[in-house]
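Novice: Let me begin by handing over the structure; questions about it come next.
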Amino acid sequence: MSRTQAFATIQQDITAYSRDVIRTPLHPYQTDWANYTIEVARSRRNETIVVEMPRQSGKNETSAQLEVSLLSQSARSGGDIVKCAPTWKPQIVNSKLRFEARSKQAAQRLQFLNFKPTQGYIYLCGRASLQFLSADPNASVVGATASLLMEIDEAQDVEKAKFNKDFSPMRASTGAPIIAYGTTWTDDTLLEG
């Protein structure tokens, strides 16, 4: 099996990718929804995936590894992930730090992967990109496009009006899937649709 074939095979399963490339294995309760998300993103299906998990159960770790995997898979063909959270600090900053750590681990194992930061909130891997944006009601975030995936972290705290006005249009021309992460407190959040 060639290196290219081996890499293509390992990218089909986040369990193998997290264990063999990132070397921070995920648990089965994390890999089930992560693998489903990869399948939906790769087939460019316009779906909304809701992941409700208790705090400190590995949602952010899984999200970071999912982002690394999708960017590495899309490095040649291109595509864009947009990730938003209710605040820049600490939520987006923490997501960026975790993504940086996991992308460095992947690049150490597979030297042909090159994750480059730019503009303070964008990461590139070949022709693929990941943008981290604040969903604070006062944040100016227009202009980005989500073609691979739109992520909403702590979706229960993102105002529906902000998402509908500023973030939903980012995927209007692409039909990129949405994944909303969080913990349900009430039945009127983005997690409840």
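The values are calculated or read from the model by the stated rules, or taken from the named source; none is laboratory data. The structure displayed is predicted, hence computed values, not measured ones. Using ideal geometry, Cβ is built from the backbone for each residue, glycine included, and neighbour counts are taken over all protein chains shown. Accessible surface areas use protein heavy atoms only, side chains included; no ligands, DNA or RNA. Shrake-Rupley method; radii C 1.70, N 1.55, O 1.52, S 1.80 Å.
Novice: At 1.4 Å probe size, with no ligands or nucleic acids counted, give the accessible surface of E47 in Å², nearest ten.
Specialist: Number for this one is 50 Å².
Novice: Sticking with this one: Could you give the length gained by full extension between S57 and K116, i.e. 0.36 nm per residue of separation minus their alpha carbon distance, to one decimal place?
Specialist: Here the segment from S57 to K116 would lengthen by 18.4 nm.
Novice: State log₁₀ I(q)/I(0) for the range 53-136 at q = 0.10, 0.16, 0.19, 0.26 Å⁻¹ as given by the Debye formula over alpha-carbon point scatterers of equal weight, solvent excluded.
Specialist: The Cα Debye sum returns log10 ratios of -0.23, -0.58, -0.80, -1.36.
Novice: How much accessible area does M150 have with a 1.4 Å probe, in Å² rounded to the nearest 10?
Specialist: 0 Å²
Novice: For the chain, what is the percent of antiparallel DSSP beta bridges, rounded to the nearest 5?
Specialist: 30 percent
Novice: Which value in nm describes the separation of the simple spin-label points at L97 and R42, placed 7 Å from the Cα toward the beta carbon?
Specialist: A separation of 3.3 nm, rounded to one decimal place.
Novice: So, with +1 on the Cβ of K and R and -1 on the Cβ of D and E, and no other charges, what is the size of the charge dipole of the range 60-192 about its Cα centre, to the nearest 20 debye?
Specialist: I would put it at about 760 debye.
Novice: Whenever you get a sec, compute what percent of the accessible area on the chain sits on carbon and sulfur atoms (1.4 Å probe).
Specialist: Working: 4540 of 9260 Å².
With neighbouring chains kept in place, the figure for the chain is 49 percent.
Novice: When only the heavy atoms of the protein chains count and the probe is 1.4 Å, how do K83, K165, K116, K160 rank by accessible area, highest first?
Specialist: Highest to lowest solvent-accessible surface, that is K165, K116, K160, K83.
Novice: Another question, then. Rounded to the nearest 0.05, what FRET efficiency do T9 and T174 have when you use their Cβ-Cβ distance and R0 = 22 Å?
Specialist: The formula returns an efficiency of 0.20 here.
Novice: Same structure, new question: What is the local net charge at R23, summed over the other residues whose Cβ is closer than 12 Å to its Cβ (Lys, Arg +1; Asp, Glu -1)?
Specialist: Result for the local shell: +3.
Novice: I would also like to ask the following. Residue by residue through the range 169-183, what is 3J(HN,Hα) from phi via Karplus (6.51 cos²θ - 1.76 cosθ + 1.60, θ = phi - 60°)? Round to whole Hz and write x for glycine and proline.
Specialist: Result, ordered by residue: x, 5, 10, 4, 7, 10, x, 4, x, 10, 10, 10, 10, x, 10 Hz.
Novice: Arrange the residues D80, D157 by how much accessible surface each exposes, largest first, with a 1.4 angstrom probe.
Specialist: Result of the area sort, largest leading: D157, D80.
Novice: A further question follows. Would you tally the net charge around D166, using a Cβ to Cβ cut-off of less than 14 Å, leaving D166 out, and scoring K and R as +1, D and E as -1?
Specialist: Overall, the nearby charge balance is +3.
Novice: Give me the distance between the Cα centres of the range 114-130 and the range 44-76, rounded to whole Å.
Specialist: So the two Cα centres are separated by 17 Å.
Novice: Would you kindly find the accessible area of R23, with a 1.4 Å probe and non-protein molecules such as ligands, DNA and RNA excluded, rounding to the nearest 10 Å²?
Specialist: Probe radius 1.4 Å; accessible area of R23 about 140 Å².
Novice: Okay, helix-only estimate at 222 nm for the chain: each DSSP H run of n ≥ 4 adds -39500 (n - 2.57), divide by all residues, round to 500 deg cm²/dmol; what do you get?
Specialist: -9000 deg cm²/dmol
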